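Data first, discussion second: the structure below is written as structure tokens.
The values are calculated or read from the model by the stated rules, or taken from the named source; none is laboratory data. Since the model is a prediction, treat every value here as computed from it, not as a measurement. All Cβ positions, glycine included, derive from the backbone under ideal geometry; neighbour counts span all protein chains shown. These area figures cover heavy atoms from the full protein model, side chains too; ligands, DNA and RNA do not enter into them. Shrake-Rupley method; radii C 1.70, N 1.55, O 1.52, S 1.80 Å.
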Amino acid sequence: MVFEVIGKNVFITAASKGIGFATAKAFLEGGANVAISSSDENNISDAVSRLGKITGKTPYGLKCDLNKKEDIRSAFRKAELKYGHIDILINNCGGPAPGYFNDFEEEAWDHAYQQVLMSALQLIRLALPGMKNNKWGRIINITSLSVKQPVENLLLSNVFRSGLVSAAKTISMSESKNNITFNNISPGFIHTERLDKLALNNGEKSGKSAEEILSEMADAVPVKKLGKADDIAALALFLASENAGYINGQTIAVDGGLIKSTY
């Protein structure tokens, strides 16, 4: 079975590293036209170069700070101008700062609200008209296991990623009649720079090394290992294909069985 995305136009945010980078690679290898964004011009330039060497196909790199509404609009419009329209939107972003309730002032809440929730909703609003006009579209949000099982010291992520999942489910109820599906992917312990930073942060508080924390994370997973960014990319590729046309409004965990709930 081939997950067909040849010729589809894809916009992926926060794609210079980690899960976003792996997802861009998967779609380029699948024959899609891919626009990727990052808030850092050097990172996006490096990612474009590396992806070109790996896949033989060069993505369209765009600078886009997800905390700036005008950046979002500008980057998306440039991608539309480049490809004519966007068929597949993949909302990905770095997680907000870890911490507990008493660690955050209002400014941190406002920042995470825009970064995680409002940036995705703005992009959905920008993407929907073209998708509705073409009677086809895929919107995929990369969230976190925290939407199904809150993580104690990831308060901001717990709140706003759960909000995005709820919004996507609600929007899907009215927009899917146009053959546009909305789905969310909830990564577990995926070994990226983000997880390394969390391990370092947790280690500083517990007196353990980052390597010890990562080992403990892997041991907590039923399959006894950390996941790879490619694991998330593979599911995104499937959800974006025609094969997944009847999967809609769902939140699917890629976590090695870590989440303990039955749904």
In Å, what Rg and Dmax follow from the Cα atoms of the stretch 1-151?
15.7, 50
All lysines inside 19 Å of K260 as judged from Cα atoms, apart from same-chain residues fewer than 8 positions distant:
K148, K224, K225
Could you give the size of the charge dipole of the chain about its Cα centre, using +1 on the Cβ of each K and R and -1 on the Cβ of each D and E, expressed in debye and rounded to the nearest 20?
960 debye
Rounded to the nearest 500, what is the chain's calculated 222 nm mean residue ellipticity when only DSSP H runs of at least 4 contribute -39500 (n - 2.57) each, over all residues?
-15000 deg cm²/dmol
Ordered by packing density, taken as the mean number of other Cβ atoms within 10 Å over each peptide's residues, highest first, how do 33-39, 4-10, 84-90, 45-51 rank?
33-39, 84-90, 4-10, 45-51
Along the stretch 180-189, Karplus-curve 3J(HN,Hα) (6.51, -1.76, 1.60; θ = phi - 60°) to the nearest Hz, with x for Gly and Pro, reads 10, 9, 10, 9, 10, 10, 10, x, x, 7
On average, how much accessible surface per residue is there in the chain, in Å², for a 1.4 Å probe, leaving out ligands, DNA and RNA?
48 Å²
Distance from the Cα centre of the stretch 236-263 to that of the stretch 162-212, in angstrom?
13 Å
I need the calculated FRET efficiency for the pair E107 and S261, taking r as the beta carbon distance and R₀ as 30 Å, to the nearest 0.05.
0.35
Extension gain from D46 to R73, taking 0.36 nm per residue of separation minus the Cα-Cα distance
7.4 nm
Quick one: check the C-alpha center-to-center distance for the stretch 31-46 versus the stretch 5-26, whole angstrom.
9 Å
Of the peptides 143-150, 72-79, 250-257, how do they stack up when ordered by the mean number of other Cβ atoms within 10 Å, highest first?
143-150, 72-79, 250-257
Net charge of neighbours whose Cβ lies under 15 Å from the Cβ of V151, counting Lys and Arg as +1 and Asp and Glu as -1
+2
Full-extension gain between N133 and K53, please, as 0.36 nm times their residue separation minus the C-alpha to C-alpha distance.
25.3 nm
Efficiency of FRET between S166 and I252 - r from beta-carbon atoms, R0 22 angstrom, step 0.05:
0.90
Please list the non-local residues whose amide H lies under 5 Å from the amide H of I252, H modeled 1.01 Å from N, same-chain partners needing a gap of 5 or more.
N184, I185, S186
Could you size up the charge dipole of the stretch 1-68 around its Cα centre, putting +1 on the beta carbon of Lys and Arg and -1 on that of Asp and Glu, and report it in debye to the nearest 20?
60 debye
So how do 192-205, 160-173 stack up, highest first, on mean other-Cβ count within 10 Å?
160-173, 192-205
Check which residues have an amide H placed less than 5 Å from A32's amide H, if you skip close sequence neighbours.
G7
Sticking with the crude label model, points 7 Å out along Cα→Cβ, report the distance from I6 to S174 in nm, one decimal please.
3.8 nm
Computing the accessible area with a 1.4 Å probe over protein heavy atoms, can you report the carbon and sulfur percentage for the chain?
52 percent
Given charges at beta-carbon only (K, R positive; D, E negative), |dipole| of the stretch 1-132 in Debye:
740 debye
Accessible area, probe 1.4 Å, largest first, for residues K177, K225, K25:
K177, K225, K25
Whole percent per 5 Å bin, from 0 to the bin with the longest distance: what is P(r) over all C-alpha pairs of the stretch 134-256?
2, 11, 18, 20, 18, 12, 8, 5, 3, 1, 0
